1. Could you grab me the full set of residues in segment 111-137 that are at pLDDT 90 or above, β-branched (Val, Ile, Thr) and surrounded by fewer than 24 Cβ atoms within 10 Å (Cβ to Cβ)?
2. In segment 126-161, which residues are among the β-branched types (Val, Ile, Thr) and over 18 Å from residue 408 (Cβ atoms)?
3. Quickly run through segment 172-185 and pick out the residues that are open to solvent by 60 Å² or more (accessible area, probe 1.4 Å) and part of a helix (DSSP H, G or I).
4. Can you give me the ranges of the helices (runs of 4 or more DSSP H) entirely in segment 320-400 with at least 1 residues that are among the charged types (D, E, K, R) and in contact (Cβ under 8 Å) with a residue 24 or more places away in the chain?
5. Being closer than 25 Å to residue 277 by Cβ and open to solvent by 10 Å² or more (accessible area, probe 1.4 Å) is the requirement here; does residue 400 meet it?
6. Scan segment 52-59 and give yes if some residue there is in a helix (DSSP H, G or I), modelled with pLDDT under 80 and either open to solvent by less than 50 Å² (accessible area, probe 1.4 Å) or over 29 Å from residue 134 (Cβ atoms) (or both), otherwise no.
7. Tally the residues that are touching a Lys or Arg at 6+ places or on another chain (Cβ under 7 Å) and of a type in the set (Phe, Trp, Tyr), restricting the search to segment 184-229.
8. Right, residue 139: of a type in the set (Asp, Glu) and not in a helix (DSSP H, G or I) or not?
Amino acid sequence: MSSVEALSPYGWLVVAWITAIPFGYGYHISVLNQLHSVLACESSLIPNNLPTCFELDDFTFSAVTSVFNLGGLLGSAQANVLMEKFGRRGTARISALFTALGSAIMCLSGNVSLLGIGRFLTGIGSGIGICLAPLYIAEVAPKSIASTLGVLTQLGIVLGIFFTQLLGVYFSSPDAGPNAWRLVLFFSFVVALIQVFMTGFMVESPRYLRSKSLRAGDEARAIERRIWLHDVGVGGDPAASPLLDERDPEAHPAAPHGNFSALTASQTLFNPPADVRLPLLIVCCAMVGQQFSGINAVLYYSNDILSQALPELGKYVSLGITVVNVIMTFPPILLIEKLGRKPLLFFSVAGAFISLTVLGMSLNFAGAAASTGPTAWTTVSSVFIIFFVMSFAIGLGPVPFVMISEVAPFYAVSSLSTIALSLNWLTNFSVSLLFLPLRNLLSGGAPGDPHHDPGKIGRVFWVFAAILALVMSVVWRKWKV
């Protein structure tokens, strides 16, 4: 049997094609935040029936922003059904179509309602796609580099965030023109449309084909020969494929095919088979820990904090953080096989826990001294925001996506992916919704309230640190690798 250590050039094209989905997800996570300054205004001019901006108060803007998470929750809840009915490739086309349609509506929106509808549709596309992408990458990758390629999901997300920040810095400036912000959304439409047209030239997942019919083995091996650098197996023995393991139907030719029929998400959640219960617990805890680390809250709050420490560079603060995020996504690509998934995850958790603890303390001290202007504690806060983002990027970001296909038996992977990513969207929405109210509660009231104590504004990050430590302790004890 010849070994398979790498993808062919066509195999890399396939991986790049599917990575466009997490790229779009990351792009739309932050696109409105970056454009907020030019989207919101007290009154709008209407050249050619397209307003230059919208009358958006804070509540309306938050609602339009959050509807992306609701669309994502709906899309991820249906991802398992779509993946089993239309296959991995067909589901990718559906995801890209939703993203393209939503981006087009946002780009051409003439009122806030259309902007929200477009964002909801992009959320559905992202919800479907973020369930699909890590699964598809794991199924087309040679086993020897599957974990390394699995990091590409997180890399796609952070690159999407980076590009929207990069484009937003220019297209949200007055020099770019009154309606230039629409080009940022048009870019997303073009990327999604290219992915739709490329789908016809891509291949179906070989592991998915085997799961549907043992007679599909020849077609699956032909796909593997096309996307990998070496032929697979010897003498047509399916079990010789380096991609196959005990989770693949074809690796057990004596077993009835019916034993490998895919579970639905409801079966996996409410009546899981014995060999699915532990993977369900591990993956759900990992996803909760990823979002309740407070990463989105930290990124939301960082602009205000770092702008105090670096007032002359406030416009570029968010862009700089995304650059750090992108750079720190590359070490896991090199380290995930050498150190292993579990050690890498918990180095990341330890760094994030320390960062959140110190960040909360430094914000309290900085808040208490806020009347005197920026202090050394403001700088400490800035440093530990960056350290937190670095810690998150090396493990908490990529590993929960990678582990789904590794801890679960194959027949439960797509349903477990749907449950895990639905939970990810739900916790993401909860954090974005509860962060400011929780911060105000723990500090005695909102800024401006007579009971507000600025020396307590960092306490909310201690809550994130405690939740992170709690759920990740379950993963540490239960995850055997």
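1. Answer for segment 111-137, where residues must be at pLDDT 90 or above, β-branched (Val, Ile, Thr) and surrounded by fewer than 24 Cβ atoms within 10 Å (Cβ to Cβ): just 117.
2. If the condition is that a residue be among the β-branched types (Val, Ile, Thr) and over 18 Å from residue 408 (Cβ atoms), then 128, 145, 148, 151, 157, 158, 161 are the ones that fit.
3. 174, 175, 183
4. 330-339, 341-368
5. No: the conditions fail for residue 400.
6. Yes: segment 52-59 contains one or more residues that are in a helix (DSSP H, G or I), modelled with pLDDT under 80 and either open to solvent by less than 50 Å² (accessible area, probe 1.4 Å) or over 29 Å from residue 134 (Cβ atoms) (or both).
7. 1
8. no
The values are calculated or read from the model by the stated rules, or taken from the named source; none is laboratory data. What you see is a predicted model, and the numbers here were worked out from it, not measured in a lab. Reconstructed Cβ throughout: ideal geometry from the backbone, glycine too, with neighbour counts over all protein chains shown. Accessible surface areas use protein heavy atoms only, side chains included; no ligands, DNA or RNA. Shrake-Rupley method; radii C 1.70, N 1.55, O 1.52, S 1.80 Å.
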